[in-house]
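Read the structure below first, then the notes.
The values are calculated or read from the model by the stated rules, or taken from the named source; none is laboratory data. Remember, it's a predicted structure, so these values are computed and weren't measured experimentally. Methodologically, a virtual Cβ is constructed for each residue, glycine included, from the backbone with ideal geometry; neighbour enumeration extends over all protein chains shown.
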Amino acid sequence: MTDERQLLIVEDDSGFARTLKRSFERRGYGVAVSASLDEVRALLEQQSPGYAVVDLKLAGGASGLACVEALHAHDPEMLIVVLTGFASIATAVEAIKLGACHYLAKPSNTDDIEAAFLKAQGNAAIEVGARPTSIKTLEWERIHQTLIETDFNISEAARRLGMHRRTLARKLEKQRVK
């Protein structure tokens, strides 16, 4: 049985996780923190949270998408928000396919995350813009799609993209959402 006021934060940045934890606890949530997929699996044996906030990129290049998949498999009704400093359409699509209800770019605060939980249902009335995609955006999307395919292995992604690993690392650092 899922406890609706229980929240799981999957974040490898302990300072950020601690800040989110305190903020959600002040709002009446019971909060557990995990830093890896193994910790998430162990925690799910003990608890069944109703909410989860998952960082897309975890320590050691691990992908938060695997955590989203495990959480959704454990409880398809769990509301999962993916939080990332490396936002892209490709990773957003994959997160939603795997069971996330929302996808937010960092920096996001507790208000943003809680609002995302409340907007778990889609909105068919949202206005569709006619903005054309730029070459830079297409490049950024291709890079992120390749990163997903390589499980965030920068060396392998660079090889598949036909560029030097350092060039890819510089592009990622330059485009990082802060």
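Brief remarks follow.
- Cross-chain or 6+ apart pairs with Cβ under 7 Å, region 145-158 first and farther than 20 Å from Ile89 by Cβ, then assigned to a loop (DSSP other than H, G, I, E, B): Glu156/Thr150; Ala158/His164
- Only one entry of Val81, Val54 meets the criterion of being in contact with a His (Cβ under 7 Å, 6 or more places away or on another chain) and either closer than 24 Å to His144 by Cβ or assigned to a loop (DSSP other than H, G, I, E, B) (or both), and that entry is Val81.
- Residue in region 70-77 that is of a type in the set (Gly, Ala, Ser) and over 11 Å from the mean Cα position of the chain (by Cα) present: yes
- Those residues of region 137-173 which are modelled with pLDDT under 90 and surrounded by fewer than 11 Cβ atoms within 10 Å (Cβ to Cβ), in sequence order: Leu138, Glu173
- Of residues in region 96-113 being out of contact with any strand residue (DSSP E or B) (no Cβ under 9 Å at 6 or more places or on another chain) and in a helix (DSSP H, G or I), the one farthest from Val82 (Cα to Cα): Asp111
- The lone exception for Leu65 - which of (1) in contact (Cβ under 8 Å) with a residue 40 or more places away in the chain; (2) surrounded by fewer than 21 Cβ atoms within 10 Å (Cβ to Cβ) it fails: (2)
- Residue ID - modelled with the lowest pLDDT, chosen from residues in region 4-30 that are assigned to a strand (DSSP E or B) and within 24 Å of Ile96 (Cβ to Cβ): Glu4
Yes or no, residue by residue, for (1) of a type in the set (Val, Ile, Thr); (2) at pLDDT 85 or above; (3) surrounded by fewer than 15 Cβ atoms within 10 Å (Cβ to Cβ):
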site: Leu79; (1), (2), (3): no, yes, no
site: Ala115; (1), (2), (3): no, yes, yes
site: Gly122; (1), (2), (3): no, no, yes
site: Glu127; (1), (2), (3): no, no, yes
site: Ile135; (1), (2), (3): yes, no, yes
site: Gln175; (1), (2), (3): no, no, no
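- Exactly one residue among Ala105, Ala100, Ala87 is at pLDDT 90 or above, closer than 28 Å to Glu173 by Cα, surrounded by 17 or more Cβ atoms within 10 Å (Cβ to Cβ) and under 15 Å from the mean Cα position of the chain (by Cα), and that residue is Ala100.
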